[in-house]
1. Out of all the residues in region 270-282, which are surrounded by 23 or more Cβ atoms within 10 Å (Cβ to Cβ) and hydrophobic (A, V, I, L, M, F, W, C)?
2. Hey, could you check region 48-90 for residues that are small (Gly, Ala, Ser) and not in a loop (DSSP other than H, G, I, E, B) and say which is surrounded by the most Cβ atoms within 10 Å (Cβ to Cβ)?
3. Mind counting the residues in region 301-339 that are under 22 Å from Tyr249 (Cβ atoms) and at pLDDT below 95?
4. Identify all residues within region 328-344 that are assigned to a helix (DSSP H, G or I) and of a type in the set (Ser, Thr, Tyr); write none if there are none.
5. Tell me, yes or no, whether region 144-155 has at least one residue that is in contact (Cβ under 8 Å) with a residue 24 or more places away in the chain, within 30 Å of Thr103 (Cα to Cα), touching a Phe, Trp or Tyr at 6+ places or on another chain (Cβ under 8 Å) and in a helix (DSSP H, G or I).
6. In region 277-300, how many residues are over 21 Å from Thr255 (Cβ atoms) and within 15 Å of the chain's Cα centre (by Cα)?
7. If you check Gly205 against the conditions, is it touching a helix residue (DSSP H, G or I) at 6+ places or on another chain (Cβ under 7 Å) and of a type in the set (Gly, Ala, Ser)?
8. If you check Gly297 against the conditions, is it at pLDDT 95 or above and not hydrophobic (A, V, I, L, M, F, W, C)?
Amino acid sequence: MKPNWKTDELVQYAPYNDYQQDLRKIGLNPNFWYPVAQSQELKKDKPHGVTFGGEPIVLVRTKSEQVFAIEDRCAHRQIPLSMGVMCGSKLKCTYHGWLYDETGKLTGVPYLPEDTPIPKGVKSYLCREAYGHIFVFPGKAELAQTVPFPDVQINENDYKTMYFSRRVNCHYSFLLENLMDMNHQFLHRRLMGKVKPSLIENSKGENWVEAKYKFSGEPHPTANLVLAAGRDKKETVTDFDIMTIRTEYPYQTLTVCGPNSDSPVLKLWVYYIPVDKEQKINHSFGMLMIRRPKIPGLLTLLWPLMRYFTGEIFAEDKMIVETEQKAYDLQGTDWNQEIFPLLLDVRELLKKKGIPLN
Ligand code: FES
Ligand SMILES: [Fe+2]
């Protein structure tokens, strides 16, 4: 099957780049649910500070396992509340001991009479724990009902999940583009061997872009072992696999399936969370699910190798997108001469759905 774009459609795009709207100056839309920490990072009674696009947020897990998120600053003198201590189900600032509840409301100033008028407190965030992560809704709380909570189907019986959490020093868009564009397998030649991706289909909708790739060539034996672990028969990776990568704003998924199968051998969910105000740093959270092979214990045996392999692949991607960010910083604007139509669609989607940074 040929890609569903024609060469002459390329002229629809501005020559290489729209300088009026620099993608690297587009912030991730805060009106979605985003993971900001792994569940294991949030210990009982140990406030944990994170940021979303420079906005400081403190996550709290109380003794009774209640999880909440409020602004990570004391209304009094701006000290991070993540430096504070828990006092029952309330959070006490480490400096003068002002006390906040789970809604961010200031409920007490310990050294003043009870009838003293006190400030309201700080902002709170909608917060949910799911899929081994702590999610917050950084945008307008009233919009939370209008966007679906991410639907990550973790099927522990059939899949084993590997969790990722890594800081990457680049704008989130570099990573979203990187995964969509499988033509960068050349970068991974040391680990992947000689694999040649071909885009066989691409499509898009109001809030998504999807690409299907087929691979040919000779994968590195380790790559074959890792990618083939979940298979029933002795089939090589290149025999039939279809890789589907979907950016459904603001999330990204990747699945590897046989052409007539709806049961992927591999599923990946990734989220890139801007850390700083300029959004030149992001925190990448991922869940990689590998279908369990019929032979019990095989996956457990291969797991360290898989972890090593995926870690090495990610390290190469991290290196290259951070290099892209450095080039961008040097040039001060986006000089990319991107011409792959699929990538142009992704860039348009990110611009359309994002919020320009000030
Ligand atoms: S700065 Fe937090 S109580 Fe004073
Ligand atoms: Fe890559």
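1. Within region 270-282, the subset surrounded by 23 or more Cβ atoms within 10 Å (Cβ to Cβ) is 271-274, 279, 282.
Passing the criteria: only Ile273.
2. Filtering region 48-90 for residues that are small (Gly, Ala, Ser) and not in a loop (DSSP other than H, G, I, E, B), the one surrounded by the most Cβ atoms within 10 Å (Cβ to Cβ) comes out as Ala69.
3. 3
4. If we filter region 328-344 for residues that are assigned to a helix (DSSP H, G or I), which is where we start, we get 328-331, 341-344.
Of everything in region 328-344, just one residue is assigned to a helix (DSSP H, G or I) and of a type in the set (Ser, Thr, Tyr), namely Tyr328.
5. The answer is yes, given that some residue of region 144-155 is in contact (Cβ under 8 Å) with a residue 24 or more places away in the chain, within 30 Å of Thr103 (Cα to Cα), touching a Phe, Trp or Tyr at 6+ places or on another chain (Cβ under 8 Å) and in a helix (DSSP H, G or I).
6. So the answer is 5.
7. Working: touching a helix residue (DSSP H, G or I) at 6+ places or on another chain (Cβ under 7 Å): no; of a type in the set (Gly, Ala, Ser): yes.
So Gly205 does not fit the description; no.
8. Numbers: at pLDDT 95 or above: no; not hydrophobic (A, V, I, L, M, F, W, C): yes.
So Gly297 fails the test.
The values are calculated or read from the model by the stated rules, or taken from the named source; none is laboratory data. All figures in this text were calculated on a predicted structure; none of them were measured in a lab. When we count neighbours, we look across all protein chains shown, and the Cβ atoms used for this are built from the backbone with ideal geometry, even at glycine.
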